[in-house]
Amino acid sequence: MTYMTKEELRIVYMGTPDFAVESLRALVEGGYNVVAVITMPDKPAGRGHKVQPSPVKVYAESAGIPVLQPERLKDESFVEELRNYHADLQIVVAFRMLPEVVWSMPALGTFNLHASLLPQYRGAAPINWAVINGEKETGATTFLLKHEIDTGDILMQRKIEIGDDEDAGSVHDRLMEMGAKMVCETVDLILAGNAKPMPQAQTAETELHPAPKIFRETCEIDCGKTAQEVHNFVRGLSPYPAAWCTLQLNGEEQVVKIYKTALAETKQKNHLYIDCADGPLELLEIQLPNRRRMTVKDYLNGLH
């Protein structure tokens with residue numbers, strides 16, 4: 001037992017993107033005592049390269065929570081500043097890999113919310129890769145941090161189904177909401193002394209699927225794959241960063257982002273397709289260079 005209430009438990013929260021905002025909001029609105037937030041330094045973004053704060057920083061400041069933005073997590077000045085918050089527990093959602101001096105600091109440890117059913121899809125892009133690989137289900141896991149990334153003992157795990165045509169953006173939003181509830185429930189388990197960390201289930205026969213960071217070159221469509229595989233690839237990268245390929249459109253080669261596709265048995269007039277290893281795949285939503293995202297129907301209607 002911790003013999004602390006949620007109002008007494010001092011929490012330091014670490015996260016950066018939108019996915020991490022929902023869990024922070026759930027903690028704050030749930031009355032948990034978040035004493036500080038750690039997030040990435042502000043960086044240029046958008047067409048004008050204007051310096052932008054992270055979504056987590058924007059929310060934390062609106063809630064009146066102190067924000068720390070270290071360039072390096074091992075800097076002695078940052079470590080000392082963090083220590084001065086006397087955190088009992090640290091929570092990490094979509095942040096950087098932490099050095100041991102940071103994750104081992106609180107008496108109750110540091111736990112992470114990861115958007116996969118660990119040990120599957122360890123890495124930076126678990127939602128994308130689960131959809132790309134055609135998984136029928138995924139989920140979220142809270143686990144205690146240790147040296148090797150995404151390998152710590154599991155505190156809580158929940159599953160969701162992935163729809164046949166669902167994209168990564170939709171899965172992201174559902175996991176974000178479910179994960180926020182799991183973060184609060186995990187804190188409650190720890191407070192009540194009922195947390196029972198379990199080692200990640202893994203045998204020699206288990207084939208582990210990694211979830212490495214995605215780069216632009218990762219997103220190029222390989223038409224040598226089947227239509228189903230390319231369809232899954234497009235779903236797994238939509239809406240961001242988006243799959244792309246070079247197409248011959250309106251008499252010229254153009255690099256086109258593809259956001260939505262549909263399996264097709266035959267080709268029809270006034271539709272767009274790419275030829276895959278086992279047949280055509282219809283394009284439904286695309287984006288041409290320097291143009292907005294649009295339906296293929298709108299694109300074709302705009303052609304003379």
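The values are calculated or read from the model by the stated rules, or taken from the named source; none is laboratory data. Predicted model, so just to flag it, every value in this text is computed and none were measured. Cβ: placed from backbone, ideal geometry, glycine included. Neighbour counts: every protein chain shown. Ligands, DNA and RNA are stripped out before the accessible areas are found, and what is left, the full protein with its side chains, is counted by its heavy atoms. Shrake-Rupley method; radii C 1.70, N 1.55, O 1.52, S 1.80 Å.
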Worksheet item: If we scan segment 190-206, do we find a residue that is among the acidic types (Asp, Glu) and farther than 30 Å from residue 229 by Cβ?
Response: no
Practice prompt. Run residue 191 past the list (1) more than 25 Å from the chain's Cα centre (by Cα); (2) touching a residue at least 60 places away in the same chain (Cβ under 8 Å); (3) surrounded by fewer than 12 Cβ atoms within 10 Å (Cβ to Cβ) and report the number of the one that doesn't hold.
Written response: (3)
Discussion item. If I ask for residues that are touching a helix residue (DSSP H, G or I) at 6+ places or on another chain (Cβ under 8 Å) and surrounded by fewer than 18 Cβ atoms within 10 Å (Cβ to Cβ), which ones from segment 243-273 would you list?
Written reply: 262, 263, 264, 270, 271
Discussion item. If I filter segment 165-173 for residues that are surrounded by fewer than 14 Cβ atoms within 10 Å (Cβ to Cβ) and of a type in the set (Gly, Ala, Ser), do I get at least one hit?
Written reply: no
Discussion item. Just to be sure I understand, how many residues within segment 22-57 are charged (D, E, K, R) and over 21 Å from residue 78 (Cα atoms)?
Written reply: 5
Practice prompt. Take residue 230 and decide whether it is touching a Ser or Thr at 6+ places or on another chain (Cβ under 9 Å), among the aliphatic types (A, V, I, L, M) and over 28 Å from residue 118 (Cα atoms).
Written response: no
Worksheet item: Are any of the residues in segment 138-151 open to solvent by less than 50 Å² (accessible area, probe 1.4 Å), in contact (Cβ under 8 Å) with a residue 40 or more places away in the chain and assigned to a helix (DSSP H, G or I)?
Response: no
Worksheet item: How many residues does segment 123-137 contain that are in a strand (DSSP E or B) and touching a Phe, Trp or Tyr at 6+ places or on another chain (Cβ under 7 Å)?
Response: 0
Response to the item:
Going through (1) open to solvent by 20 Å² or more (accessible area, probe 1.4 Å); (2) at negative phi one by one, residue 288 fails only at (1)
Practice prompt. Among the candidates 235, 292, single out the residue that is over 29 Å from residue 157 (Cβ atoms) and under 27 Å from the mean Cα position of the chain (by Cα).
Written response: 292
Discussion item. With the structure loaded, tell me whether residue 155 is in a strand (DSSP E or B), in contact with a strand residue (DSSP E or B) (Cβ under 7 Å, 6 or more places away or on another chain) and either over 30 Å from residue 294 (Cβ atoms) or not β-branched (Val, Ile, Thr) (or both) or whether it fails that test.
Written reply: yes
Practice prompt. From 177, 205, 229, 220, grab the single residue that is of a type outside the set (A, V, I, L, M, F, W, C), surrounded by fewer than 16 Cβ atoms within 10 Å (Cβ to Cβ), at pLDDT 95 or above and more than 16 Å from the chain's Cα centre (by Cα).
Written response: 220
Response to the item:
Within segment 4-23, the count of residues that are over 20 Å from residue 105 (Cα atoms) and among the hydrophobic types (A, V, I, L, M, F, W, C) comes to 3
Discussion item. Checking residue 118 against (1) out of contact with any Phe, Trp or Tyr (no Cβ under 7 Å at 6 or more places or on another chain); (2) aliphatic (A, V, I, L, M); (3) open to solvent by less than 20 Å² (accessible area, probe 1.4 Å), only one condition comes out false. Which one?
Written reply: (1)
